[in-house]
Structures are given as C-alpha cells and as structure tokens.
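Student: Take this structure first; my questions come after.
The values are calculated or read from the model by the stated rules, or taken from the named source; none is laboratory data. What you are looking at is a predicted structure, and each value in this text was computed from that prediction instead of being measured. Neighbour counts are summed over all protein chains in view; Cβ atoms, including those assigned to glycine, are modelled from backbone coordinates with ideal geometry.
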Amino acid sequence: MVDSQQQYNIKQIWSEIQQAEQQGNLSQVESLYQQILQINPVEVQAIESITKLAIRIRKYDFVQKMILSALEKDPGFIPGFFFMAIIASQRGDRDSAIHYYRQCLAMGGQDLAIYQNLATVLREKELWEEAATVYRVLAARTPNQADVYIKWGYVLYKQGKLADASVVYNRALEIQPASKEAMKNLLIIHCERCEKPAVMALYQRGLQTDSGNAEWCYGLGVILHEHNMPLEAIVGFEQAIKLRPMWDEAHWMLGVSLLKIGSFRTGFCEYEWRKKRQRVKAYHDYFLKKPAWQGEIFSGKKLLVYAEQGLGDLLQFVRYLPMVKARGGSVAFLGRTPLDRLFVTAAGVDELVGNEQSIEDFDLAIALLSLPTIFGTTLNTIPATIPYLEVEENIIAKWQLCMDDTSFKIGLVWAGKTTTDALGGRSMTLSQFAPLATVPGVTFYSLQKGEGEEQAEFPPTGMKFRHISDKIHDFADTAGAITNLDLVISIDTSVVHLAGAMGKTVWALLPYNAEWRWLLDKDESPWYPTMRIFRQTKQGDWSGVMDRVVEGLQKLVANNK
C-alpha cells in the first residue's frame, strides 16, 4: 500500500514530469517516471506513460525491467502483462505479444483494448481461427462499430468462410452505408461466389457512392476485371477516364478489357496507353526518340521493330512482320536472346539486332505490340496463316534421334514464371497431370524450362515420361522437339504460342480469368487455328480441366491408331 506521504510525493513528481515534458527534457521525464515506480511499482498511469515514452524514444529494455519488477511484486497485475504485450509488439515479437495478451484474458482482464490489440496481432500472424473468435467477442461488445465487422469479415474471408464473411460485411454496411472498404471486400466475395446479381447491384452502388473519385471507380473496375467480368469492368474504367482523361493506367485497363471481349479496334487503340505507364515509359521513350512509324510506306528507310513484354508476346506478334515488310524499306527486329536462333528464319525480318545497337542507326521505330493498331486488326482480320515460324532441318533431325518412340508423343509444360503470373493461378504442378497417365499408348515429354523443371525428376506414377528439358537450350531447340511431337499440352506460357505459331496441334490449359488474348468462353483461338482451349469453369479448378483433357485425349489417340 502507498501511504499519504508517498501519494503526496508521487503527485509532486507528476508536476515535475509535466514541466520536463514541456521543456522537451525526455531523459529527465524517464528518470522521474522511474522515481514514481520506485515508490509504487504498480502505478498504472506511470507504467502506461513510460511505455509510451519508450515507444517514442525506442528504448524498451528499462521499461520491461520495471514492468517485470512490478509483476514480481504483484503476479496478478493485469496492466503489467498488457504493457509487456505492447512493448513486445513494438519490438516485432508478435509471439510474445500474443502470449501476454492471452495472459491478460486468462487472468480475467476484460478491457476492450486487450481484445482489440490481440485481434490485430493475431491477424498479422495469420492465426485466423483465434482472430475470428476475438472479433466475435469485439462485435458483441461493440455492436455499432463498423470497423470491427470489416476486420472480422477479412478474417473470415481468409478462412474461406465466404458466406459468413458476406453476412459480416453486410452488417458493416448497415452501420456505415458508405464504407468503401466494406463495399470493396464484399464485392470481391460476391465475385468469388459467382453471385452476378449481387455483384452488379453492389458495383453500381459503389460507383454511385463516390462517383467523382477516379481512383475508386478504377479500383472497382479492376475487381470485376480480375474476376473475369471485363464487360462490366469497362463502366468503372470509363468513369475513371471521364474524371482523369489522361490517366494511363485506366486507359490501359480499358484497353485490356475491350480486347478480352473481342472489341479489337478500339481495344488496341486504348492498349497503346501501356507505353505511358510509369514502369515501362522510359523503355519506350528511348526507342521513340526516333519518329514512330504510323504505317506509311517507308521505302529507302530503316525501321526498328522492338520487343516488349514477355516471350509469348514476341512469338504471338512476329506474325505481323511480313505485313510491315510489305510497306517497303528495311526491317530490323530487336527480340530476346532465347528466341534469336528461332527468329533467324522468321519472315519479314531483314536483320536481327541486339541491345547494343544504337537507336541512331534507324530512321523509324515501333513497338511490336503496336502493330495490330497500325493494321487496324479486328477479330476477322487477325493474320492467322500458319505456320509463320519454322525451325531449321538440322535441329529437327537432332531432336528426332532422341524422340524415336513410335507411340503417340505429347509435350508437357506445367508452370510459368511466378514473376509474370500476376494474379496467380496460371501455373500447375506436374502431379496435377497424373490423370493423363490413364490414357494408353502415349509417351509424355517434358518441355518445361526454368521454374518447375525439377518436378520432371518425379513424374506421376504410371506415366510413361521422358525428361528432355535438360537438352533444351533455347526456343530453337524447343521448336525442334515440338516438330517431332503429335501434341503439345501446356498452361498459358510461351510454349503455347510457339506450338501455335508452328501449326502444331496444341491444347492450352487456362485459368478462370485468362489473359485478354484468349477472349471469353471460347474453346478455340482466332490467333492459332490448331489450338484447342480448356478453361477452368471456376477459379482454381484444375481437376475439372484435366477431366476434359483426358476425355479429349482418349478420343484423339483412338482416332490416330
């Protein structure tokens, strides 16, 4: 117990603390707090204040010692555990913070801050189940706090409890009808649950909530686009552009959405805004120091067509180079090293150049993916004559020697680069191809390179499988191997484009929200006449895709006997 004299002394010290704080003398403040705690180690106000000071000046050890000293004198001192938790959290030690908050509750602590702080740390540690339990308590104690329901809804979403999360987010919107965070998160849930009427109702409500905010309208559009609703997403992008006419990201996303629904002429024009995006602007600006080619006859001049984006894009769009060459002049192509040996024989290319080539050596320049805009490409005018890429006979012969199997030969690719799989979900694992092993009379060949290649060492049980990837050094090798195959089955990666460009029968396995070039709901591609598309019918469902591939493969192999 603290006697009256000690209480008087503490009161005097608090006055000195106020003066020291006004003077900014933090070392004196720290010393005065220590004096209080020497008189009364469980002085809650002093511990709270010195904890805040420790956080402010990032000196934690002395506070922990004081709190531990208090707990030695009073093991049931709940505020001691609470402030130990705060210090631990500040130091990045979330496990200790959770331990101390749990101690508070175990000892009967009911302060709202204990639950709030514990819920936050549990969420940071992704301990979803316990976090959901804590938020349920918080919601019961603070039934009119929208923020609690929003955080609870997020935890339920991460648990995969979409129906429960939907209920919780709707409660948040009852409390706070204009909550953007609740609207955005609930919209995602409706999208993932394929609740189209609810999606559209909330989408319209969201657009009306802050119709003058370009970023908000754009963000809503992105959510719908990422959930395979590009037609609906266009409304958000157009509203964003109306508010910010020169916003490159909104124009670019509008272009992508238009392309995905097959509106190519307008879509490719909007897609030109990609060159103004911050992440690639400097790259394009370098080449466009020279006049940009606009499609005119350029006899007597030298035009540089330069690569952009991924290898698959180069393989898809080099088909335009003969059309460029037909307008006169000399055509130089700046590609990517792994494709150089393959592109030596590409039609329409007078010269392959490397990065060391100066832009000053050319009269005009154009980005490869701007060619569809130049030629006014529509769905009906895609230059789809195949093959437009071939490989030299000596390369084909080399690969024939190591692929002399007389069975039906299929090349497999199961994974792409994680750096280019923006939304995730485009890649598979080799083990997911296991159902193909049930089809008799087939030999599978690995065409997988880079990430995921190591899986070829452990093919699915029962699959007749040959690992040839270690012999592939560039895309000319890949093309040589493909020539000796009967079929290529691949996720959306550059090999799909290569096989299609060569006129080889190719089956593309696509995620639910596939890239714009594959359009919507089609099982064939206007870009590649020999391609068949197998799409996920719901997000992440590769098993359904593989069932259809097995069925198709059984028929194809039977017809080739």
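Student: Would you confirm whether or not the range 211-222 contains a residue that is touching a Ser or Thr at 6+ places or on another chain (Cβ under 9 Å) and either of a type in the set (A, V, I, L, M, F, W, C) or over 20 Å from Ser179 (Cβ atoms) (or both)? I'd like the intermediate steps shown before the answer.
Tutor: From the range 211-222, those touching a Ser or Thr at 6+ places or on another chain (Cβ under 9 Å) are 216-217, 221; that's our starting set.
Retained after the next criterion (residues that are either of a type in the set (A, V, I, L, M, F, W, C) or over 20 Å from Ser179 (Cβ atoms) (or both)): 216-217.
Taking every residue of the range 211-222 in turn, at least one turns out to be touching a Ser or Thr at 6+ places or on another chain (Cβ under 9 Å) and either of a type in the set (A, V, I, L, M, F, W, C) or over 20 Å from Ser179 (Cβ atoms) (or both).
Student: Run Ile468 past the list (1) within 30 Å of the chain's Cα centre (by Cα); (2) buried (at least 16 other Cβ atoms within 10 Å of the Cβ); (3) at pLDDT below 95 and report the number of the one that doesn't hold.
Tutor: Result: Ile468 passes all but (1).
Student: Which residue pairs have Cβ atoms under 8 Å apart, sit 6 or more places apart or on different chains, and have a first residue in the range 451-478 that is among the hydroxyl-bearing types (Ser, Thr, Tyr) and a second that is surrounded by fewer than 18 Cβ atoms within 10 Å (Cβ to Cβ)?
Tutor: Qualifying pairs under 8 Å: Thr461/Ala434; Thr461/Ala437.
Student: Next question. Taking Gln432, is it more than 30 Å from Gln294 (Cα to Cα) and either in the same structural domain as Val506 (by TED's automatic domain parsing) or in contact (Cβ under 8 Å) with a residue 12 or more places away in the chain (or both)? Write out each step before concluding.
Tutor: Working: more than 30 Å from Gln294 (Cα to Cα): yes; either in the same structural domain as Val506 (by TED's automatic domain parsing) or in contact (Cβ under 8 Å) with a residue 12 or more places away in the chain (or both): yes.
Here the answer is yes, as Gln432 does meet what is asked.
Student: Among the residues of the range 295-324, count how many are out of contact with any helix residue (DSSP H, G or I) (no Cβ under 7 Å at 6 or more places or on another chain) and surrounded by fewer than 17 Cβ atoms within 10 Å (Cβ to Cβ).
Tutor: Result for the range 295-324: 7.
Student: Related question: Going by the structure shown, is Asp248 charged (D, E, K, R) and either touching a Pro at 6+ places or on another chain (Cβ under 8 Å) or under 25 Å from Thr142 (Cβ atoms) (or both)? Outline the logic, then answer.
Tutor: On the way: charged (D, E, K, R): yes; either touching a Pro at 6+ places or on another chain (Cβ under 8 Å) or under 25 Å from Thr142 (Cβ atoms) (or both): no.
It is false that Asp248 is charged (D, E, K, R) and either touching a Pro at 6+ places or on another chain (Cβ under 8 Å) or under 25 Å from Thr142 (Cβ atoms) (or both).
Student: Given the residues Ser543, Ser525, Ser490, which is the only one that is of a type in the set (S, T, N, Q) and either in contact with a Lys or Arg (Cβ under 6 Å, 6 or more places away or on another chain) or closer than 22 Å to Ile261 by Cα (or both)? Please lay out each step first, then the result.
Tutor: Working: Ser543 fails: either in contact with a Lys or Arg (Cβ under 6 Å, 6 or more places away or on another chain) or closer than 22 Å to Ile261 by Cα (or both); Ser490 fails: either in contact with a Lys or Arg (Cβ under 6 Å, 6 or more places away or on another chain) or closer than 22 Å to Ile261 by Cα (or both).
It is Ser525.
Student: Which of the residues belonging to the range 303-317 are closer than 20 Å to Lys289 by Cα and aromatic (Phe, Trp, Tyr)?
Tutor: So in the range 303-317, the residues closer than 20 Å to Lys289 by Cα come out as 303-309.
Across the range 303-317, the qualifying residue is only Tyr306.
Student: Test of understanding: among Leu254, Leu334, Leu243, which residue is surrounded by 15 or more Cβ atoms within 10 Å (Cβ to Cβ), under 28 Å from Leu389 (Cα atoms) and not assigned by TED's automatic domain parsing to the domain that holds Tyr528?
Tutor: Working: Leu254 fails: under 28 Å from Leu389 (Cα atoms); Leu243 fails: under 28 Å from Leu389 (Cα atoms).
Only one candidate passes the filter, namely Leu334.
Student: Now for a separate question. How many residues are within 18 Å of Leu202 (Cβ to Cβ), among the small types (Gly, Ala, Ser) and surrounded by 14 or more Cβ atoms within 10 Å (Cβ to Cβ) if we restrict to the range 139-182?
Tutor: Matching residues across the range 139-182 total 7.
Student: Also, I was wondering about something else. Might you let me know whether the range 355-376 holds any residue that is surrounded by fewer than 15 Cβ atoms within 10 Å (Cβ to Cβ), within 30 Å of Gln455 (Cα to Cα) and free of Cβ contacts under 8 Å to residues at least 40 places away in the same chain?
Tutor: Checking the range 355-376: not a single residue is surrounded by fewer than 15 Cβ atoms within 10 Å (Cβ to Cβ), within 30 Å of Gln455 (Cα to Cα) and free of Cβ contacts under 8 Å to residues at least 40 places away in the same chain.
Student: Being at pLDDT below 95 and touching a Pro at 6+ places or on another chain (Cβ under 8 Å), is that true of even one residue in the range 492-499?
Tutor: Checking the range 492-499: at least one residue is at pLDDT below 95 and touching a Pro at 6+ places or on another chain (Cβ under 8 Å).
Student: Here is a check on your reading of the model: is Leu220 outside any helix (DSSP H, G or I), buried (at least 19 other Cβ atoms within 10 Å of the Cβ) and hydrophobic (A, V, I, L, M, F, W, C)?
Tutor: Working: outside any helix (DSSP H, G or I): no; buried (at least 19 other Cβ atoms within 10 Å of the Cβ): yes; hydrophobic (A, V, I, L, M, F, W, C): yes.
When the stated conditions are applied, Leu220 does not pass them.
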